[in-house]
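**Q** Before we start, here is the structure in question, set down as structure tokens.
The values are calculated or read from the model by the stated rules, or taken from the named source; none is laboratory data. Just so it is clear, the structure is predicted and the values come from calculations on it, not from any experiment. Using ideal geometry, Cβ is built from the backbone for each residue, glycine included, and neighbour counts are taken over all protein chains shown.
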Amino acid sequence: MNELIILGGSLTALALIRDAHRLGLNVTVLCAPEQIAGLSRLATQIAVDERDDAALREAIGKLPNVRSSALICDSDRMLRFLRRQRAWIDAHVGQVLHPGDDALEICLDKAACGWWCRAQEIPTPITYEVDDALTRVSPPPEFPILIRPEETQHGSGRDVPKAMELHNDDDLAIVLARFRAADVRPVVNESLLCVGLRQFSIGVARRADGETRSVCVEKLRPLPHHCAAGSYVRTVDAPAARDLALNAIDALDYIGIAELEILHDPNTGRHHLIEINARPWAQYPIAARAGVDLLGFLLDRERNPGRPSRATWIDFGADLHFAFSDQGVVRGREMSLFTWLGSVLRANCYAYWDSQDRAPFWHQTRNLMTQIFKALF
């Protein structure tokens, strides 16, 4: 296949555009006009309302080579569109680079993923039941606990935390009220947050024949207690985390690209599977930089990687925030300024910069400078 259709225009979509271009694919991205991926010169953008199923279907159906194209989603929102329109998409698109609906259902629902992991005897934090009224958790939890939306809420505008550690019943009642007000169902797990906790992301591509390619990455910033998306990550050797991820992918009979989030608890020495994202993720470019060709492997276009290399990925704007905000690692004296600067200089893979595709970088840089100016003046 020489054509790739990307649904969504996020930072993840931008990474996919650049990766697909290097594979020699013609790329079409369907997204809202204000999305960052729409600025790339390496893809054809079709502006569409990402929340309008009919508009998305119409845009896909009008593509000239849709029956010989592969399709991939950049976000959970687009994966839910895929689930709703699976029969139509399977009938009109050449290849869908995601697993079937049974696997998607487990990956898209954090509570379902937790229950599935326990049924498969895959180590995962204890999951508590939340009643339909979102007022009570059972059995009575052993604090601390972690609460987060059952379904990812990126870009929804709803006032709920991505994740938050709670330490008593009063805090739980207050946060449950926020979820009720936002009409968002939460999932509640035991919290593993502690000093020395390590955060891993395992990127995996798995084909129908069971063959896989994988890359193991450690999230170094923000620190675990911030419960936020990674701004600074690097490749590492972590065989136990990798094995846990591959065992889960095999048990799920997964097909496509996935990111598995795994925590290592220093108190017990155990690894715990936290989440399975059934799609590429924001730090996806680090795989290719490390010599692991996930997309090429799926499409039988795998580039000869040569020797695996170390890679460090940074989203500079986000990392600047996590260094110097009120709870930042530099401002909070958890890291010295020189240590932070040294780590920034060691990065060799970037969220926005690409010498062949500079417009997204300059757009993001202007936004960052505007934010800094407003903060200072």
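**Q** Having 2 or more residues that are touching a residue at least 40 places away in the same chain (Cβ under 8 Å), surrounded by 17 or more Cβ atoms within 10 Å (Cβ to Cβ) and on the phi < 0 side of the Ramachandran plot is the bar; report the helices (runs of 4 or more DSSP H) wholly within the range 271-359 that clear it.
**A** Numbers: elements: 285-289, 294-298, 316-324, 337-346.
Per the criteria, 285-289, 294-298, 316-324.
**Q** Which of the residues spanning the range 2-50 are aliphatic (A, V, I, L, M) and either in a strand (DSSP E or B) or outside the structural domain of Asn65 (by TED's automatic domain parsing) (or both)?
**A** Leu4, Ile5, Ile6, Leu7, Val27, Val29, Leu30, Ile46, Ala47
This table checks each residue for (1) more than 30 Å from Ser214 (Cβ to Cβ); (2) at pLDDT 95 or above; (3) of a type in the set (D, E, K, R).
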{"position": "Pro305", "(1), (2), (3)": "no, no, no"}
{"position": "Thr312", "(1), (2), (3)": "no, yes, no"}
{"position": "Arg346", "(1), (2), (3)": "no, yes, yes"}
{"position": "Phe361", "(1), (2), (3)": "no, yes, no"}
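**Q** Is there a residue in the range 183-193 that is under 15 Å from the mean Cα position of the chain (by Cα) and of a type in the set (S, T, N, Q)? If you could, list the steps in order and put the result at the bottom.
**A** Taking the range 183-193 first, the residues under 15 Å from the mean Cα position of the chain (by Cα) are none.
No, because not a single residue in the range 183-193 is under 15 Å from the mean Cα position of the chain (by Cα) and of a type in the set (S, T, N, Q).
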